[in-house]
Every structure is written in C-alpha cells, then in structure tokens.
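Let me begin by presenting the structure, written as structure tokens, before commenting on it.
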Amino acid sequence: MRLAHRLVLASSAAVALVMTIYGFTIIRQRERIIGNALVRETETLAHAMQIVANSAIRNGQRAPLDRVLGRILGDPETAISAVLDTTGAVMAGGPRARMACLDTIIARPGPVPERHGWSNCGGRVRLIVLPLQEPAEALVVARRTTVMDRDIAESRRSILLTSVALAVVGSLAILIIVRLWLTRPLLEILEGVHRFGGPDEPQPMRVPRAAHELQKLARAFNGMVERLDAKQHVLARETEERIALERRLRHAELFAALGRLTGGVAHELGSPLGVISVRADAIQSLPGADPEARRHAEAIGREVERISALVRDLVHVARRHGAGRDPLDMRAIVSETAGLLEGDAERADIRLSVDAPDHPVPVTGDARLLRHALYCIVLNAVQALRTHPGPRQIRIELRAENGGITVAVEDSGPGIAPEDRARVFEPFFTTRDVGEGSGLGLAISAGIAEEHGGEVAIGTAALGGVRAVLRLPLAARRSVTDGTE
Ligand SMILES: Nc1ncnc2c1ncn2[C@@H]1O[C@H](COP(=O)(O)OP(=O)(O)O)[C@@H](O)[C@H]1O
Ligand SMILES: [Mg+2]
C-alpha cells in the first residue's frame, strides 16, 4: 500500500477515534443538562399543582382542578397528571385511559409515599408524587423525556456528520501535504537513483525542494555517487596501467626469448646469406651467362635480401638492451628516415612531407635504433598507401612540447580495422600477404620507444588513415650530434 494511502487511513482512524470520544462526552453532558432541566421543570410544575390542588380541595372546587390537570395532560410531554384519593381512585385529572401506566407505577393497596425519580410509562418518565390534604391522598405528575431524547439523537447525528466531514477534509489535506512534501520529492530522489543505475555516466541528482531530511538524503546520495565515481576512475586507471604493464611484460618476455634465439640465428645465417648473395651476384655478372640462370640468380638475390632484412630486424630486437645514450637532434633522425623512404614513396606516387621546428629537438638515445623505430612506422604508411586508391599522402610532424617530443606520422590510407587495433603491437601480427610483412615492425618500434622512456600510440589521422605517434622524453639542451654513423 502506498505511503500516502497509509497516512490517510491512519489519520482517518485517528479522527474517527477522537470524534467518538468527543461525541460520547458531549452527549453525556447534554443528557445531564437536559435531564436536570426536565427534573427542575417537573418539580416546579408538581409543587405549583400541589398548592393549587390543596386549595381547590379545601374549597371544594373540583371542577377547576379537573380542568387544570386535564390541560396539563393535554401536553403530549405529560404522561400522568392526577390527584388520587385514599382508595387509589383518580379524584381529579385527565381521562384515566390516557394514564394507563398509573396502576403499574403506584402500588396498591397501601399508602402512597412521596417520590421524586425516574420511572417507565411507555418510555422513560420523570415521576413526582406529592402528598395532599384529605380526602385526597397524593398528586402524581409524570413528564416524558421525548424532547430530551430527540435533542440527544440530533446531537448524535450532527456529531457523526461533523466527524465524517472532518475525516474527509483532514484526509484530503493530508493527501495533498503528503503528495507535495513527501511523495513528490521521494519520487525525484528515486528517479535520480534509477538514473544512477542507467547506462549513462553517473550524475549527481538535483536536490529536491523538500523537507530537510529528504534534502540530506539526496545530498548523501550525491556524496556516494561522487565517491563511487572517483573510485571508478581510480579503478579504470589501475586497470589501464595493469594492462599496459602486462603488455610490456609480454613484450619483454618475448623480446628476451627472441633475443636469445636471434643471437644465434643471426650469427648462423649471416655468413651463409652473405655467401649466397655474393654468389647470386656473381652468377648475374658472369659473362655469357644464360638469361634464364640470370633471372633465377636475380630472384635468389631478392629473396636473400628479404631474409637479410628480417635478420636485421631480429638483430635490432636482440640488441635492445644495448641501446646507446647519445645526445641527438631528433630533426636529423626524422629527415634521414624520410630520406630512406623517399624513393619508395615516389615510386608509389605518394606525397611525403616533413614538418619540423627550425631549432634542435634534443633527445638522448641510440640514433640507429630510433631511426629504425621511425622507419618501421613510416614504412607501414607507405605500404598501406601503395595499393590505396585516391590521393596518397604521408605527413611527418615533429614537435617538442611539455617536456616531451612527438613524431606524428599521418597517412591518407585505409586505416586499421577496429578489431585489429588492439593487436597491431603484438609481435608477428600482420594483415599483409605472406612475404610482405613479418608483423614485427610496430612491436620493434614500441620496444625501442619504451627503451628510450617513450611509447608508440596508434590513432586516426585527419587525413583519413592512421596517425602513429612516437613519443620520447625531451633531453636537456646540450651539445647534440646528428646521429649519423
Ligand atoms: N599506417 C598503417 N595503415 C594501415 N595499417 C597499418 C598501418 N600501420 C600498421 N598497420 C597494420 O598493423 C599491422 C602490423 O604492423 P607491423 O607491426 O608494422 O607489421 P607488418 O607491417 O609487418 O604487417 C599491419 O599488418 C597493418 O595491418
Ligand atoms: Mg610494418
């Protein structure tokens, strides 16, 4: 049952109880007052009649006495008005038939004693019996309580009506007050609570214009929302940090394993690859060599170059704990990397632009590694654009700000599918065809950046493709080399 209905029920019950007690008291009081008035009136009438009767009997004037008593009996409120003689017969008074209860009230034979009290004569009556001179014996007067009964019934009715009206008005007033002061602000608070559980960002609720306690409740809720929000943020940050840490750990483990592997593999592969490459060149330049053999030799040379490039990548990974700590100007690294890929870009009809400040951008690190990290990033952009229709553009932007440097590489290529975005840093993750990509590029770049206290982030470029950002800490300005070997 609703709160408002409960309150209305309770208040109606309270009003009904109060009115019942009040009505009972009032009716008892009225009964007493009207009863006393009836008693007094009957006493006065009886005593007046006693004087009149005594004088009439003394003077032998029965007829006027009869008339007076008859007239009194004519009043419907009078039940008995008679003068009895010593035998019990009615000496004077109204017709005996109208005083049917006279015999039951006055016990015969025997003397009739004086009486002042209540009796029954077709209803309650006030009975007075007064002695008279002989030959009469007694004057009997009985007045009905009809008027008093009617009055009391009326009082009862009006009290009942007042009670009902009071209960209705009181209930309505309570209903309105409860709605305004309790139900409405409570519903507002409830709505705020529901909103909190909804899909939107948790928001503090509007404190309702209501009783102090309800405002306190809303404020307490808002306090709780704020605390929860803060905790949620802390939790989200901690989760992010944990994920990043896990990623770094995974990388570290993998790099360690790769390092051990590549140390040996690179060493073992290096010399035979060198030999194969030299021999392939030699076959190609053999005077009078069969053109078919030359083509094969050329293919062998190309494939060997690809294997050598992979081996170089692996060597970079293997050596990551040996990065140098030289003072460098990042502008040199950027322009050299761009220079390395300029030819590739041109062949693929790609417009490659570099935007760098005109003052040195100092970083501390290993020039060769940093160049390689940036090379992998720009190469990805070149590869993404090679087969991409529409304008092909790569923009490399170097900036130094807030104690760090950023090299943003933006391209107008197809971008990275959302489902791949989380995986591009995984070593060996690639979407390129076999032979085109090893899936090591971004893993190596990220590894090198981390080793330099920085990071690589992938986002969406204004040009429509990928925006890959290499971030590094800015070194204190001091003598800077251009990093060339
Ligand atoms: N600029 C880019 N545009 C589109 N896709 C990219 C870009 N850079 C990286 N990727 C995606 O990230 C994957 C991983 O890149 P990477 O680690 O360099 O390996 P690889 O280039 O050998 O595939 C790529 O296969 C490609 O799907
Ligand atoms: Mg790559």
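The values are calculated or read from the model by the stated rules, or taken from the named source; none is laboratory data. It should be emphasised that the depicted structure is a prediction, and the values quoted were computed from it without experimental measurement. A quick note on method: Cβ atoms are made from the backbone with ideal geometry, for glycine too, and the neighbour counts reach across all protein chains shown. Side chains included, ligands, DNA and RNA excluded: accessible areas come from the protein's heavy atoms. Shrake-Rupley method; radii C 1.70, N 1.55, O 1.52, S 1.80 Å.
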If you go through the stretch 461-470 one residue at a time, how many are open to solvent by 30 Å² or more (accessible area, probe 1.4 Å) and either within 11 Å of ligand 1 (Cβ to nearest atom) or not assigned by TED's automatic domain parsing to the domain that holds Asp326 (or both)? 3
Could you tell me whether the stretch 234-253 includes any residue that is in a helix (DSSP H, G or I), of a type in the set (Ser, Thr, Tyr), without any contact (Cβ under 8 Å) to a residue 24 or more places away in the chain and open to solvent by 60 Å² or more (accessible area, probe 1.4 Å)? no
All positions within the stretch 134-163 that are part of a helix (DSSP H, G or I), among the aliphatic types (A, V, I, L, M) and either under 30 Å from Thr44 (Cβ atoms) or open to solvent by 80 Å² or more (accessible area, probe 1.4 Å) (or both): Val147, Met148, Ile152, Ala153, Leu160, Leu161
Quick check: anything in the stretch 164-180 of a type in the set (Gly, Ala, Ser) and free of Cβ contacts under 8 Å to residues at least 12 places away in the same chain? yes
Any residue at all in the stretch 452-467 that's touching a Leu at 6+ places or on another chain (Cβ under 8 Å), within 13 Å of ligand 2 (Cβ to nearest atom) and modelled with pLDDT under 90? no
Please go through (1) open to solvent by less than 50 Å² (accessible area, probe 1.4 Å); (2) touching a helix residue (DSSP H, G or I) at 6+ places or on another chain (Cβ under 6 Å) for Leu166 and return the number of the only condition it doesn't satisfy. (1)
In the stretch 104-117, what count of residues is obtained for those that are open to solvent by 100 Å² or more (accessible area, probe 1.4 Å) and at pLDDT 80 or above? 3
Checked Ile394, Ile350 against criteria (over 22 Å from Ala457 (Cβ atoms), in contact with a helix residue (DSSP H, G or I) (Cβ under 8 Å, 6 or more places away or on another chain) and either among the hydrophobic types (A, V, I, L, M, F, W, C) or open to solvent by 40 Å² or more (accessible area, probe 1.4 Å) (or both)); the one match is Ile350
Any chance the stretch 391-401 includes a residue that's closer than 25 Å to Glu346 by Cα, within 9 Å of ligand 1 (Cβ to nearest atom), at pLDDT 85 or above and touching a Ser or Thr at 6+ places or on another chain (Cβ under 9 Å)? yes
Please verify whether Asp411 is of a type in the set (D, E, K, R), at pLDDT 95 or above and either assigned by TED's automatic domain parsing to the domain that holds Glu342 or open to solvent by less than 20 Å² (accessible area, probe 1.4 Å) (or both), treating the condition exactly as stated. yes
Glu303 vs. criteria more than 30 Å from Glu268 (Cα to Cα) and either in a helix (DSSP H, G or I) or not assigned by TED's automatic domain parsing to the domain that holds Glu253 (or both): no
Picking from Leu328, Leu370, Leu341, the residue that is out of contact with any His (no Cβ under 6 Å at 6 or more places or on another chain), at pLDDT 90 or above, within 13 Å of ligand 1 (Cβ to nearest atom) and in the same structural domain as Thr460 (by TED's automatic domain parsing) would be Leu341
May I ask you to list the residues in the stretch 354-394 that are within 12 Å of ligand 2 (Cβ to nearest atom), over 17 Å from Glu455 (Cα atoms) and among the aliphatic types (A, V, I, L, M)? Leu379, Ala381, Val382, Ala384
Which count do you get for residues in the stretch 185-208 that are among the small types (Gly, Ala, Ser), over 10 Å from Asn222 (Cα atoms) and outside any loop (DSSP other than H, G, I, E, B)? 1
For Phe429, only one of the following conditions fails: (1) within 8 Å of ligand 1 (Cβ to nearest atom); (2) modelled with pLDDT of 95 or more. What is its number? (2)
Residue satisfying condition, being assigned to a helix (DSSP H, G or I) and in the same structural domain as Pro135 (by TED's automatic domain parsing), within set Val83, Val112, Val68: Val68
Residue by residue through the stretch 440-460, note down the ones that are out of contact with any helix residue (DSSP H, G or I) (no Cβ under 6 Å at 6 or more places or on another chain) and open to solvent by 10 Å² or more (accessible area, probe 1.4 Å). Leu442, Glu450, His452, Gly453, Gly454, Ala457, Ile458, Gly459, Thr460
Under 9 Å between Cβ atoms, at least 6 apart or on separate chains: pull out the pairs that start in the stretch 432-448 with a residue that is without any contact (Cβ under 8 Å) to a residue 40 or more places away in the chain and end on any residue that is hydroxyl-bearing (Ser, Thr, Tyr) and within 8 Å of ligand 2 (Cβ to nearest atom). Gly439/Thr430
